[in-house]
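Derivation of every value follows stated rules applied to the coordinates shown; laboratory data play no part. On a predicted model such as this, the values are computed, not experimentally measured, just so you know. Cβ placement follows ideal geometry from the backbone for every residue including glycine, while neighbour counts extend to all protein chains displayed.
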Amino acid sequence: MRINATNNLNFRVLNEQIRNTEDKNVIIDNCLGQRFIGSGMGQRKLTINGTPGNALGAYLNGADIEVNGNAQDATGDTMNNGSIVIHGNCGDATGYGMRGGEIYIKGNVGFRAGIHMKAYQENSPVMVVGGSAGSFLGEYQAGGTIIVLGLNEEAEAPVGAQCCTGMHGGCIFLRCDSLPEDLPAQVVSRKATKYDLDHIDGYLESFCEHFSVEKEQILEKPFYVLEPNTNNPYHSIYTTYLS
Amino acid sequence: MLKEGQVRIPSGCAISGIFSRNGRRLDGEKIIASIETMHVRSNGLGGGFAAYGIYPEHRDCYALHVFYDNETAKEEAETLLLKYFEISVSEKIPTRPMPQITDAPIIWRYFAIPSPHFLQDKELEEKELAVECVFKINADIAGAYVFSCGKNMGVFKAVGYPEDVGRYYRLEEYEGYSWTAHGRYPTNTPGWWGGAHPFALLDYTIVHNGEISSYDANRRFIEMYGYKCALLTDTEVITYMIDYLHRRKQLTLTEVADVIAAPFWEEIDRMPEDRRRYYTSLRNIFSDMLITGPFSILLGFEGGIMALNDRLKLRSLVAAEKDDMVYIASEECAIRAIEPELDRIFAPKYGEPVIYTLNKEAQL
Amino acid sequence: MSMDFLYPDYTVVRNKDLCTNCQICVKQCGLGVHTYDAKTKSMRADSTKCINCQRCVAFCPTLALKIVKSDNTYKLNDNWTSSAINEVIQQAGSGGMLLSSMGNPRSYPIYWDKILINASQVTNPSIDPLREPMETRTFLGKKPSKIERDEQGRLQFDKAPPHLTLKVPILFAGMSYGAVSYNVHESLARAAEQLGTYYNTGEGGLHENLYKYGKNTIVQVASGRFGVHKAYLDAGAAIEIKIGQGAKPGIGGHLPGYKVGSEVSKTRMIPEGSDAISPAPHHDIYSIEDLRQLVYSLKEATAYTKPIIVKIAAVHNVAAIASGIARSGADIIAIDGFRAGTGAAPTRIRDNVGIPIELAVAAVDDRLREEHIRNNISLVVSGGIRNSADVLKAIALGADAVYIATPALIALGCHMCRSCQTGKCNWGITTQRPDLVARLDPDEGTRRLVNLVSAWQHEIMEMMGGMGINSIEALKGNRLMLRGIGLNQKELDILGIKHAGE
């Protein structure tokens, strides 16, 4: 099925068409700001040409979404399974609360990407960012893997301020020569070992495949791994008061 | 003492209605005789009548009946009226001096058509415009009160027993195809003429018996839609609710009755699927328009009359037919007094509207 | 140690004449207050461990036990009360923020108790609900703005927005699995089904065994998104976006890792033993237009088949916020007053933030009517409802229905010891310890919840009948049925009611 979303086609009309078709492959042309595309969607392949609106692939449940263009805010919100591939940049709060599936972004991602990402049993979400990430990357992160490559980035670390604040699970891989200075106390960092890189090798392969990048180029720079050093980051700040 | 609008005054009442399905016009003698039979249901603190088809020579004009406390109020109101309307007749409503009727205000009548320029400016439907003007006068001009504003119809009311009020207004000189009457028994009142019934908005008039318990729920809901309950009476809020449902939401009168006097869930749940869905949806969508507590109402409107009892039938109501004539009253005696021989007499069931409209051949 | 010593607020008193050394109290107390000294063959009690949950008192077969307010006292001081002093001592010793549970216990005005209800005399009749119909069925959701007809002119209702149908205008408010036990959730779910109403999962997901009660379930989506996935959203009859709660407006949640056992872990979809942290805000909602985005993303995910509830705490600007929510596409607003309970909240927040629900419901209902949007949205209120008269007053002030939680917990055995955060609830309510959870039998829990709500329903019907109202919708916003007592003009104005005698 092919849908032309030109002339500001209403998001509700557009999404209804997608929900109601039997086709496993849906292509949307001239997409411009229509929100909630692929919301809660299971096994499907959606190709979007243009700029989809906020909350693309929210609660995604197995569908594969590919965007030829940039995506806006809250992409992959509470995503459970499936994949989102963005051939461009992606906005704020990308992958908020995602529990499974994979998000690949060729370019940069906005503020608070991967916020409250969490893992559960066989589900472990992954977000790979080709460029850089804004501040508060992985805030409250409780599980899953975030990889920021900083390809073509000048800055020393490809992330903004307050990276992984409140992180209490999962891990972040930053490809850079040196780490940001303001990492919070409850996070430990180390240079990635071969074992660490094996863990992300498959994701890097996929990234390279999606965006035609040479893996050798990626491996030219070292990676750092950030992980929480306790499961209970706020434990000591309260005292039980029986009143 | 506070008057209607400053305080909520519950009241009991008598109601009566006469309607000719052939559109024959009768003078006011019969309706006066009918309501007089139920003298004991009133206490002399309010009576009134609505009559339809009485101004055929002005059928395209809004007939505005207004009480003025003084000349200043009249001047102010007329300034406002002239903004909205082109007035063709402006006159005192004729009355007959009677010892039983005292403290009369200035009682004035206008025949008017909406000013075409103003209609264009405001982009309002003609009726909306008339309503806007009436609400403005009643809310903003102290001492002025428009108590009737329909076409080819009029309300006549005062403080007193209804039969005295009828004679005071010389109703024997008017001829209408439909008449309703009201005798009031308020629990307290300063005797304000505007507080007597019927209550009217455009061609809708209501006479009503009973004190509803849903009043404030209904009032606070309807006031969201531009209505201002200035009198705080049941009759006023019921009139607005019917105007909203029938004129603005385009529900049929039967549907209106199904909203305001809906059947009980026990009954609805036993109905076949489509009826159940109909009533359930109406009760959901218009839940704030349900009226509880006792009421029997007579709704007069252009070309018809509707009687409706509350959902428990807590007030008395009797309807009867004789040839093309229809009679509806609180008590059978009020009908027998003016038509001893009837073809059919029956008590409307609770929540089931009794609706009569003019025959197609009727000539007004 | 001695500087940190706090004399216990309550003392365990044992009547030695009545005590038979049966040691039931030892078994019943999960906090280890009672011990048996084999040497002296006598019972001991350590009052410093006692949280005054009344479990041992209730189970003592000889009435030998009671818990009394300690009479040890600092010098009396109306300013520096003993609790004010104790708080300083505790914080000086620990360096911690005080953490409490259940609702605000302080003596702020309770407006419910300053509002009186009307009854009919002469001018219209009261109705006997035992012998005449008395209706409490309530719909929650948006009303359609347009009336549709088919070609034959018959009314069409297919396009009407989705709604909830309640047999009684009382729902069970959100309490997460994790904060409360599985047996609490099962009792609530089964009671909701029997009563024809709804319970709310809270933010901890929906246990797989309880999916079968989905048509009586409201599933919650909070900032932590715990257990939120497609099947969860599809399971419920409605979806609630939790922005805030009355006990701790503006504060996130924190379920400590030790409460996240295997079942809680499965339901929340997080690893066992890991902390479950709910951020203070939803990080995709930084402004009112973002709320619209979350509302519609949930509608899209469920194909517009379920009403969306937005729950907020009653804060100072609640009326304007509610107006914004009513324009966000949400179908129902839930407003939680400052006396609402919680499994754990910073004490200062619980005791100082927010406003009473009575004032909030009146202000919100007024505001929505002034803006002509009351019909766009239903209003459910909570946080301080203690009995059926409170329910009736809330509806007459303008609510469509109420959420209850604290009364439901009391029905299940809670004795308001306000120690949920210890995780050792002896009544099996706010604990995940299997031996304690087993104390709450879901059959009995269900029965008691059904009893409570049915009793309230009958009381509501009696009061409605007294007013001559035989259907609950005629009570909604019917403020003429209320009068204030001992309230000043400002309070009366906000409540939109007259004073008694007027």
Show that you can apply the helix-only estimate: for chain A, add -39,500 (n - 2.57) for every DSSP H stretch of four or more residues, divide by all residues, and state [θ] at 222 nm to the nearest 500. -4000 deg cm²/dmol
Which residues does a label at residue C:97 reach in region C:399-427, if reach means a backbone N under 20 Å from a point 7 Å past the Cα toward the Cβ? C:419-423
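With +1 on each Lys and Arg Cβ and -1 on each Asp and Glu Cβ, how big is the dipole of region A:2-230 about its Cα centre, in debye rounded to the nearest 20? Don't jump to the answer; show the numbers that get you there.
Numbers: 17 positive and 27 negative charges, 131 e Å.
It comes to approximately 620 debye.
Assigning unit charges at the beta carbon (Lys, Arg +1; Asp, Glu -1) and nothing else, what dipole magnitude in debye, to the nearest 20, does chain B show about its Cα centre? Could the numbers behind the result be given before it?
Numbers: 40 positive and 53 negative charges, 109 e Å.
Value, rounded to 20: 520 debye.
Please list the helices of chain B that count as membrane-span-like by this rule: a mean Kyte-Doolittle hydropathy of at least -1.0 together with Cα atoms stretching 15 Å or more along the helix axis, each helix being a complete DSSP H run.
Sorted by number, the helices that extend far enough and score high enough are B:71-84, B:126-140.
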Rounded, prolate or oblate: pick one for region C:126-206, where a ≥ b ≥ c are the square roots of the eigenvalues of its C-alpha gyration tensor, a/c under 1.5 means rounded, and failing that, prolate if a/b is larger than b/c, else oblate. oblate
Zone of residue B:341's modelled label, taken as backbone nitrogen in region B:295-324 under 17 Å from a point 7 Å along Cα→Cβ: B:321-324
Placing +1 on the Cβ of each Lys and Arg and -1 on the Cβ of each Asp and Glu in region C:10-96, which of C:80, C:70, C:47 has its Cα farthest towards the positive end of the resulting dipole? C:47
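Would you mind estimating how fast the protein assembly as shown diffuses translationally, via Stokes-Einstein at 20 °C and 1.002 mPa s with the Kirkwood radius over Cα pairs, in µm²/s?
Values: Rh = 33.2 Å.
It comes out at roughly 65 µm²/s.
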1/(1 + (r/R0)^6) with r = Cβ-Cβ of residue C:386 and residue B:360, R0 = 60 Å, i.e. FRET efficiency to nearest 0.05, evaluates to 0.45
So, with +1 on the Cβ of K and R and -1 on the Cβ of D and E, and no other charges, what is the size of the charge dipole of region B:135-181 about its Cα centre, to the nearest 20 debye? 200
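Quick one: of the DSSP bridges fully inside the protein assembly as shown, what percent are antiparallel, nearest 5?
Working: 106 of 179 bridges.
Antiparallel: roughly 60 percent of the beta bridges in the protein assembly as shown.
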Which cysteines does chain C leave without a neighbouring Cys Cβ under 4.7 Å? C:19, C:22, C:29, C:50, C:60, C:414, C:420, C:425
Simple spin-label model, 7 Å along Cα-to-Cβ: residue A:12 to residue C:158 in nm? 1.6
Excluding same-chain residues fewer than 8 positions from residue C:311, which lysines have a Cα within less than 22 Å of its Cα? C:142, C:143, C:167, C:215, C:230, C:242, C:248, C:299, C:393, C:476
Please average, across the residues of C:266-279, the number of beta carbons from any other chain that are within 10 Å of each residue's own beta carbon, and give a whole number. 5
In what sequence, highest mean first, do B:130-137, C:37-44 appear when ranked by Cβ atoms within 10 angstrom? B:130-137, C:37-44
Cα-based shape type of region C:245-365, given that a ≥ b ≥ c are square roots of the gyration tensor eigenvalues and the cut on a/c is 1.5: oblate
Relative to the present Cα-Cα distance, how much length would full extension add between residue C:20 and residue C:272 at 0.36 nm per residue of separation? 86.5 nm
DSSP-assigned coil residues among chymotrypsin sites (Phe, Trp or Tyr not before Pro) in region C:1-82, each with at most 11 further Cβ atoms within 10 Å: C:5
Peptide C:89-99: average number of partner chain Cβ atoms within 10 Å per residue? 4
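Given the DSSP H assignment, sum -39500 (n - 2.57) over each helix run of at least 4 residues in chain C and divide by its residue total; what's the result at 222 nm in deg cm²/dmol, nearest 500?
The helix contribution divided over chain C gives -8500 deg cm²/dmol.
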Can you tell me the orientation of helix C:182-195 relative to chain C, as the angle in degrees between its alpha-carbon axis and the longest Cα principal axis, to the nearest 10? 40
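Where both partners of a DSSP beta bridge lie in chain C, what percent of those bridges are antiparallel, to the nearest 5? Show your work: numbers first, answer last.
Numbers: 23 of 53 bridges.
Of those bridges, close to 45 percent are antiparallel.
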If one compares the long axis through the Cα atoms of helix C:442-467 with the longest principal axis of the Cα atoms of chain C, the angle in degrees, nearest 10, works out at 50
To the nearest 10 degrees, how steep is helix A:11-20 against the longest Cα principal axis of chain A, on a 0 to 90 scale? 80
Ordering of B:73-79, C:137-143 by burial proxy (mean other Cβ atoms within 10 Å per residue, highest first): C:137-143, B:73-79
In Å and from the alpha-carbon atoms only, list the Rg and Dmax of chain C. 24.0, 92
Would you mind putting C:269-281, B:300-312, A:193-205 in packing order, based on average other-beta-carbon counts within 10 Å, highest first? B:300-312, C:269-281, A:193-205
Just check region C:169-458 against the gyration tensor rule for me: Cα atoms, a ≥ b ≥ c as the square roots of the eigenvalues, rounded for a/c under 1.5, and otherwise prolate or oblate depending on whether a/b exceeds b/c. rounded
Inter-chain shielding of A:91-102 (mean C-beta neighbours from other protein chains, 10 Å cut-off): 3
Among C:286, C:315, C:271, whose Cα projects farthest towards the positive end of the dipole of region C:219-317, with charges put on the beta-carbon of Lys, Arg (+1) and Asp, Glu (-1)? C:315
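Considering Cα pairs under 8 angstrom that are at least six residues apart, work out the relative contact order of region C:367-431 and quote it in whole percent. Present the calculation step by step, with values, prior to reporting the outcome.
Details: 51 pairs, mean separation 15.3, N = 65.
Once divided by the residue count of region C:367-431, the mean separation gives 23 percent.
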Lysine pairs in region C:10-96 with alpha-carbon atoms under 25 Å apart, 8 or more places apart or on different chains: how many are there? 18
Nitroxide proxy distance, nm - points 7 Å out along Cα→Cβ at residue A:195 and residue C:493: 7.1
Helical contribution to [θ] at 222 nm, DSSP H n ≥ 4, -39,500 (n - 2.57), averaged over chain B, rounded to 500: -8000 deg cm²/dmol
Top mean-square fluctuation among B:58, B:182, B:208, Gaussian network model of chain B, C-alpha springs under 10 Å? B:58
Which aspartates and glutamates have a Cα less than 12 Å from the Cα of residue C:259, not counting those fewer than 8 places away in the same chain? C:272, C:275
Identify all lysines with a Cα-Cα distance to residue A:194 below 20 Å; exclude those on the same chain that are fewer than 8 residues away in sequence. A:215, A:221
Rounded to the nearest 5, the percent of DSSP beta bridges in chain A running antiparallel is 20
